[in-house]
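First the structure, in the form of structure tokens, and then the observations on it.
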Amino acid sequence: MPFLSLSARPSSVRRSPLRTVVWVSIAFVLLALSAPAAADGHKARLSRGLAEAVGRGESRGVIVSGTAEQIRDLAARHGLVVEKTLATGAVVRVKDAAALSALAADPAVPVVADDAPVAAHMATEVVALGADQAWQGVLGLPGVNGKGIGIAVIDSGIAASHEALRRRVVASVDFVAGGRRGADPYGHGTHVAGIAAGDVTTGQGRFAGVAPGAHLVSLRVLDAQGRGTTSDVIAAIEWAVANRAAYGIRVINLSLGKPVLESWVDDPLVQAVEAASRAGIVVVTSAGNLGTLPDGTRVRDGITSPGNAPSAITVGAVDTQGTPQRSDDRIADWSSRGLTAIDGFMKPDVSAPGRRIVSAGSVGSALVGKAGAVVVGQGAATYVRLSGTSMAAAMVSGAAALVLEANPKLTPAQVKVVLQVTSQRVAEAGVAAAGAGEIDVAAAVAAARRRLQDLPPTTIAGETATRSGIAFTAKVDGDTLVWGDTLVWGDTLVWGHARVGRHVGLG
């Protein structure tokens, strides 16, 4: 039986001419080189939140455009200190609201841009997940980064020579005949590994996955075309279970899938996942990329195997629109929806960012070389942008590692509950698309250590993240619930306190 990787979706954007390997998640404001003619009532455009910050008494560095002479004149006119000179302008210090107002009213200033902190790639996703807060510590609790937690990546291999993955892969086993250890000719596993636990700091910035302190175990089951067999995947899962103590494996990432061809009780791949869960390993799977047909028709029952495994944490993909704020997040059209075929299980369990994710690229691999893939950098510093529930699953694997470091005693079922009840609903999506919601890592890590009812709401990118407060098992009873469009597929009743899920207290 052919085993297909269904979760990697190379970006349709053409190859980027970017010349750096600094993955920034802040959209820079392009500043005009020439100033507009003076006009009465002129008001420069301000970066969002800048006026409010200065109004609170925060002294801010701001970016204004112009030649060196224009900047000198501007600084003299307003009594500003030039902190940094740029090719197209300068950074000047604004000390109070009056100074900002005067600067914005100057006809020579079309835009006043906040000199905001710039983070390395994964900053958008890390902030959107609240993972950065987990690293730093939440509610006075110590920070976590996944240290001591092993993530087994069962995929196409991991290019261990990549700068973000060096010394992070503690074991590598190849289940593909003729394979070479430490290699990833397809490129999928390397990308997934970078999202889950990559970490590197260079002179150009930092690239960090969700759990940068976790270690990785590479179990290669897919060939150079991203194909493999069910038996190889099962063998890899069994290897992970047998060697879990030796390598500290607490999480398995399965960013791959095949069609659901039989009930879960008859599917040996699902049964292998269930056995791993009983052995104490959290198994994270991708939901699949079968949410729509080529003509845009919405597809139900598109969850792939082993995403239909009851114990697995099955993950749908969120489109963050390229921002860390959650108010504009939507479930990606192509992300597979539940219920599951044959058994009618409620899946996915949760959702996470999965569209246009930049992560480690394997040099010479099929995905890096594929037409349309956005590739930046070269050699051991190659990065590629991909989309898919594969990427979303890797986010959740990293999140699970953080939760387990926070509370190593949690069982796989408890880790799933923690991630579900602390998640946040996704607008315009019911549980059949988003599961319990988009994971909130900061809240999940805090809930792993304290009672849920004792936790205040978290704030992500300046917005309050309201917890969904629901958790559910895969099996849903009753035809009305399973097939009721309003309840399962809609945007309102599915988030009620009854029927689909119930509030779960962790105390």
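Measuring max minus min along each principal axis, the C-alpha atoms of the range 384-436 give extents of 34, 31, 14 Å (largest first).
For the range 45-114, what percent of Cα pairs sit more than 20 Å apart?
Values: 404 of 2415 pairs.
Looking at the range 45-114, the distances longer than 20 Å represent 17 percent of pairs.
For the range 286-291, putting each phi into the Karplus relation 6.51 cos²θ - 1.76 cosθ + 1.60 with θ = phi - 60° gives couplings of 7, 6, x, 10, 10, x Hz, in residue order, rounded to whole numbers and with x for Gly and Pro.
For the range 356-361, the Karplus equation 6.51 cos²θ - 1.76 cosθ + 1.60, evaluated at θ = phi - 60°, returns couplings of 6, 9, 8, 8, 4, x Hz by residue, with Gly and Pro reported as x. Among 394-406, 436-448, the peptide with the highest mean count of other Cβ atoms within 10 Å heads the list, and the full ranking is 394-406, 436-448. Extending 7 Å from Cα along the Cβ direction at residue 409 and again at residue 93 yields two label points whose distance is 5.1 nm.
Let's test the formula: R0 of 22 Å, r as the Cβ-Cβ distance of residue 83 and residue 466. What FRET efficiency results, to the nearest 0.05? Numbers along the way, then the final one.
Values: r = 39 Å, r/R0 = 1.77.
Between residue 83 and residue 466 the formula returns 0.05.
Which trypsin sites (Lys or Arg not before Pro) does the range 136-228 hold that lie in a coil by DSSP with at most 15 other beta carbons within 10 Å?
Taking the range 136-228 and a limit of 15 other Cβ atoms within 10 Å, the loop trypsin sites (Lys or Arg not before Pro) found are 147, 166, 167, 180, 181.
Restricting things to Cα coordinates, could you compute the convex hull volume per residue of the range 152-247 in Å³?
Details: hull volume 8.5 nm³, N = 96.
Cα-based convex hull of the range 152-247, divided per residue, equals 88 Å³.
Extension gain, residue 327 to residue 342, is 1.9 nm, computed as 0.36 nm per intervening residue step minus the present C-alpha separation.
Averaging Cα coordinates gives a centre for the range 330-380 and one for the range 276-298; these two points are 11 Å apart.
Read the figures in this text as sums done on the coordinates, not as results from a lab. Nothing here was measured: the structure is a model prediction, and the numbers come from that model. A quick note on method: Cβ atoms are made from the backbone with ideal geometry, for glycine too, and the neighbour counts reach across all protein chains shown.
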